[in-house]
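All remarks here apply to the structure that follows.
The values are calculated or read from the model by the stated rules, or taken from the named source; none is laboratory data. Treat the numbers as computed from the prediction; the structure is a model and nothing was measured. Backbone-built Cβ (ideal geometry, glycine too); neighbour counts: all protein chains shown.
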Amino acid sequence: SAQNSKITVGDKSTVTMTGALSLINTDLIINKGATVTAQGKMYVDKAIELAGTLTLTGTPTENNKYSPAIYMSDGYNMTEDGATLKAQNYAWVNGNIKSDKKASILFGVDQYKEDNLDKTTHTPLATGLLGGFDTSYTGGIDAPAASASMYNTLWRVNGQSALQSLKTRDSLLLFSNIENSGFHTVTVNTLDATNTAVIMRADLSQSVNQSDKLIVKNQLTGSNNSLSVDIQKVGNNNSGLNVDLITAPKGSNKEIFKASTQAIGFSNISPVISTKEDQEHTTWTLTGYKVAENTASSSAAKSYMSGNYKAFLTEVNNLNKRMGDLRDTNGEVGAWARIMSGAGSASGGYSDNYTHVQIGVDKKHELDGLDLFTGLTMTYTDSHASSNAFSGKTKSVGAGLYASAIFDSGAYIDLISKYVHHDNEYSATFAGLGTKDYSSHSLYVGAEAGYRYHVTEDSWIEPQAELVYGAVSGKRFDWQDRGMSVTMKDKDFNPLIGRTGVDVGKSFSGKDWKVTARAGLGYQFDLFANGETVLRDASGEKRIKGEKDGRILMNVGLNAEIRDNLRFGLEFEKSAFGKYNVDNAINANFRYSF
């Protein structure tokens, strides 16, 4: 590292840098005849003066593999004929290139092999920046006398560019607007492109439509290339357009570029490209576009936005599980704790798992014909969810009040109200959403009633019904997917969930102990549809109505009483036949009475 300095690599010098390099307010000059190879990350806040050869590579590891390396500079000034800039083997390079000399730019390797990536040492950030290519370059190339070759390279075109010649193989030219620099034009004298994708941007909302452009002055050759358009803003018409995207000499092969559909936001946008020829030019012109819903992206968004409902359902399933702890309780005050662990799944590869902890205290009131328990509970839930398109975690804390009345006749009523705050962090791969941190909250008011019929003195049947009403906060996300404004939101909604079922049980007792085995079967169902999701991108608005769900619930468990004041229990649960199901859950509880 160096600050406020000047570093010069002289003629015929050969330098290999294997570690990280940081140059602050320091000139780096590579003279003609000098060869410099960098094999680690580099940050230089001034433009590098390059007259010799500079090679930027990934970091070599064992077995001839490489770990990605990031190279950032204020630019590369190629100051002599024959100056050469190379980048290969998982190098991510940033900085504009300028030259008025016959310089050479070589990115990527001709015989790319993904096996060369050392997957044990790479970082997700560096690999993501590469976009699946051998080499990634972000910047503009203003070098009208220079030649450039790109093999398996992602070029994020981030500035006006000019080259004498450009050769591409298995590459991507992605016109971008990282620094809000508007639309860009790449001008070359000769272009030889094969198996290359070109993705341009267009703004069709103005009276004069704007777009990126590729201009080939002298010769266009190659084959099997695709041309896509990121339509960032749309106008009133999707036909009758006349936006020139690629201009080449007259007589160029019209099959070199073919239109390709782009998935942007929640839409598939297919450009309508016509190839025209006049006395001087062959032109690929955007004359319209077709828009269709990207069902995969919309389905992923629906699943993502349903996270609040599933978190609500997890808390609902844990609301009323105290009745087995309270019957025939001795002592006026009780303290209890419960831990639950479960996992669930739904379509679209969705799965979740959670650990839920409850603690509480209550007081027993002996009234005429019933025992009334009033208490306070606090909860903590740590949950993780993932699907084919997103993954993340939610941490929830809550507090509530409850009252349970157990009548001498065998009937009972259980009431509870609870507030829960959720902190969420989720990363998504659809529609360019990325990672979002957000908070939400929910409120629960539940009532359960049932009646225990004794078949014999130590066996019973207990039909029961439960109703839970809630309030769940909405959320809204606004972002840009490759320049297109995208919105995803849902409003506050009020779920109402019912449950009916029956439990059966049998008790076994000794001198100072009692064990009760029980099993239950029930049906849980939504009375209201869960919240509506609204998706919006440049192609319009899509509304996804909430759905109702229902599932069969099954459980088996044991409650044990030791002496007069100590109880513990264990229960196993699962559900079936729902759009979302609990695959398995285990519930362990402990209660001590004073």
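Of note:
- Yes/no for ALA87 being among the hydrophobic types (A, V, I, L, M, F, W, C), under 35 Å from the mean Cα position of the chain (by Cα) and at pLDDT below 95: no
- Flag for ALA20 being outside the structural domain of VAL157 (by TED's automatic domain parsing), over 18 Å from SER136 (Cβ atoms), within 35 Å of the chain's Cα centre (by Cα) and modelled with pLDDT under 95: yes
- Scanning the range 338-381 for residues that are in contact with a helix residue (DSSP H, G or I) (Cβ under 7 Å, 6 or more places away or on another chain) and farther than 20 Å from LEU401 by Cβ turns up GLY348, TYR350, ASP352, TYR354.
- Residue satisfying condition, being of a type in the set (Val, Ile, Thr), assigned to a strand (DSSP E or B) and more than 22 Å from PHE525 (Cβ to Cβ), within set VAL397, VAL468: VAL397
- Inside the range 1-51, residues that are outside any strand (DSSP E or B) and more than 18 Å from GLY95 (Cα to Cα) make up a count of 13.
- Here GLY52 clears all of (1) out of contact with any Lys or Arg (no Cβ under 8 Å at 6 or more places or on another chain); (2) surrounded by 20 or more Cβ atoms within 10 Å (Cβ to Cβ) except the condition numbered (1).
- Annotation note: of LYS310, LYS363, LYS395, the sole residue that is in the same structural domain as ASP583 (by TED's automatic domain parsing), modelled with pLDDT under 90, touching an Asp or Glu at 6+ places or on another chain (Cβ under 9 Å) and not aromatic (Phe, Trp, Tyr) is LYS310.
- Odd one out for ASP230 among (1) out of contact with any Phe, Trp or Tyr (no Cβ under 9 Å at 6 or more places or on another chain); (2) modelled with pLDDT under 90: (1)
- Residue within the range 578-587 that is touching a residue at least 40 places away in the same chain (Cβ under 8 Å), touching a strand residue (DSSP E or B) at 6+ places or on another chain (Cβ under 7 Å) and within 30 Å of LYS511 (Cα to Cα) present: yes
- All positions within the range 272-304 that are assigned to a strand (DSSP E or B) and β-branched (Val, Ile, Thr): VAL272, ILE273, THR275, THR282, THR283, THR285, THR287, VAL291
- Some residue of the range 284-300 being within 21 Å of the chain's Cα centre (by Cα) and under 17 Å from GLY392 (Cβ atoms): yes
- Failed condition for LYS542, given (1) outside any strand (DSSP E or B); (2) under 30 Å from ASN268 (Cβ atoms); (3) basic (Lys, Arg): (1)
- Counting the residues of the range 128-163 that are part of a strand (DSSP E or B) and touching a Ser or Thr at 6+ places or on another chain (Cβ under 6 Å) gives 10.
- In the range 205-219, residue surrounded by the most Cβ atoms within 10 Å (Cβ to Cβ) [restricted to those that are free of Cβ contacts under 8 Å to residues at least 40 places away in the same chain and of a type in the set (A, V, I, L, M, F, W, C)]: VAL216
- Single residue of LYS548, LYS511 found to be free of Cβ contacts under 8 Å to residues at least 12 places away in the same chain and not in a strand (DSSP E or B): LYS511
- In this structure, PHE493 qualifies as aromatic (Phe, Trp, Tyr) and buried (at least 17 other Cβ atoms within 10 Å of the Cβ).
- In the range 107-119 there is no residue matching the filter, namely being closer than 19 Å to VAL15 by Cα, modelled with pLDDT of 95 or more and surrounded by 19 or more Cβ atoms within 10 Å (Cβ to Cβ).
- Residue satisfying condition, being within 23 Å of the chain's Cα centre (by Cα) and part of a strand (DSSP E or B), within set ALA343, ALA335: ALA343
Condition check ((1) touching a Gly at 6+ places or on another chain (Cβ under 6 Å); (2) of a type in the set (Ser, Thr, Tyr); (3) within 20 Å of SER161 (Cα to Cα)) across all residues:
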position	(1), (2), (3)
ALA34	yes, no, no
THR53	no, yes, no
THR59	yes, yes, no
GLU62	no, no, no
SER67	yes, yes, no
ILE70	no, no, no
GLU80	no, no, yes
ASN89	yes, no, no
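- Some residue of the range 252-260 being over 18 Å from THR187 (Cα atoms), in contact (Cβ under 8 Å) with a residue 60 or more places away in the chain and of a type in the set (Gly, Ala, Ser): yes
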